[in-house]
Amino acid sequence: AAALADMTPILLDQLLDLLKADSATLIMRDPVSGDSVIEATRGAPILKIGDRLAAGEGIAGYVIESGQPYLTQDLENDPRFARRMMIQGQWAAAFVPLATREQIIGVLIIARQSGSIPNEDLRLLNTIGELAANAIHRASLHEQTRRRLEQLSILHNIDRAISSSFDLRLTLNIALDELMQQAGVGAVSVLLLNHHLMTLDYAAERGFPRNLPKPSPLSLNQSDAGRAVLERQAVVADLTATKGFPHLDALSKEGFTRYDGVPLIAKGKVRGVLEVFSHPSLGAEQNWAEFLETVANGLA
């Protein structure tokens, strides 16, 4: 099966050519939250890659919930359109659901500037969407299996490092090196809890932009890592819509959009936090949180 990352641009480029469109976009439904996630775009970008719409929000949310195609000849002024376009002028757009036998997994969009989209083009796009849905679904299952095997290998290597060394810094460095091998991971760090000052100190990190000063210890009351400690549970944050991370501007420029902070808990006590900065890719599986929790438990 073709990898999703390879398949997507080919599909969208073919749509641009076949339907004489100025823009083509793929939106996928997040299977955990139900959100609509802009995964890929070709031609003029109407929506920003990585943006998320809450379940049911916008035209994409309507198409996913109703299972029906949607055609608008004036996208910017359509009452269902939830985000302003990244480009100017009047655009027509056609939205069709990507439906497998079990569920609707996303939405396919074409848009045309300064021209209408006839019903015949909508019907053709809908037919292409039916074929694409099954291909994307198969590729997603293949990708999930590959990633799961990759994760099992990473867990094995980390466990072996933990078992064979009493040198904490060496163990942390090996673990973070292994985590960097996971697809979509851009940077990782481990913070250790200072029980006297009630701060989190950086103990090891990988993947951050070079030549940046080492971040200061983090306050428990003013950081997401601190929240993971205080709540004793994993914290997930959208880096494009949050503040307070050290070097957030640099992280954003590197394309990281998701933050996971997982507390390191051993014998009932919080020892620190595992932080993972990533840019989730198409077909990201649902066991990501479980995987990170397993890594954190071993490190703790």
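Descriptive notes on the structure:
- Computed about the Cα centre, the dipole magnitude for the chain is approximately 580 debye when only Lys and Arg (+1) and Asp and Glu (-1) carry charge, each at its Cβ.
- Across the chain, C-alpha contacts under 8 Å between residues 6 or more apart give a mean separation that, scaled by the residue count, equals a relative contact order of 13 percent.
- Charge tally in the Cβ shell below 11 Å around I265, where Lys, Arg are +1 and Asp, Glu are -1, I265 excluded: +3
- All Cα-Cα separations within the stretch 1-104 were binned at 5 Å from zero, giving a P(r) of 2, 12, 21, 27, 22, 11, 3, 1, each value a whole percent of the pairs.
- Relative to the dominant Cα principal axis of the chain, helix 168-179 is inclined by about 10°.
- Efficiency of FRET from Cβ geometry, K214 and A289, R₀ 35 Å, rounded to 0.05: 0.80
- Over the stretch 1-126, Cα pairs under 8 Å with separation of 6+ residues give a relative contact order of 23 percent.
- Hydrodynamic radius by Kirkwood, which averages 1/r over all alpha carbon pairs of the chain, in angstrom: 21.0 Å
- Net charge contributed by nearby residues that have their C-beta within less than 14 Å of A203 (K/R +1, D/E -1): 0
- Take each peptide in 59-69, 213-223, 118-128, 190-200, count the other Cβ atoms within 10 Å of every residue, and average; sorted highest first, the result is 59-69, 190-200, 118-128, 213-223.
- In the stretch 1-69, the portion of solvent-accessible area held by carbon and sulfur atoms comes to 51 percent [1.4 Å probe, whole percent, DNA, RNA and ligands not counted].
- Helix 288-299 vs. the chain, principal-axis angle (Cα, 0 to 90°, nearest 10): 10 degrees
- Toward the positive end of the charge dipole of the stretch 3-121, with +1 on the Cβ of Lys and Arg and -1 on the Cβ of Asp and Glu, the farthest Cα among A44, I64, L15 is that of A44.
- Fully extending the segment from K269 to N221 would add 15.5 nm, taking 0.36 nm per residue of separation and subtracting the current Cα-Cα distance.
- Our summary gives the stretch 1-74 a relative contact order of 21 percent, counting only alpha carbon pairs under 8 angstrom and 6 or more residues apart.
The values are calculated or read from the model by the stated rules, or taken from the named source; none is laboratory data. Keep in mind the model is a prediction, meaning the values are calculated, not measured. Every residue, glycine as well, gets a Cβ built from its backbone with ideal geometry; the counts of neighbours run over all protein chains shown. When the accessible area is computed, the model is the full protein with side chains, heavy atoms only, and any ligands, DNA or RNA have been set aside. Shrake-Rupley method; radii C 1.70, N 1.55, O 1.52, S 1.80 Å.
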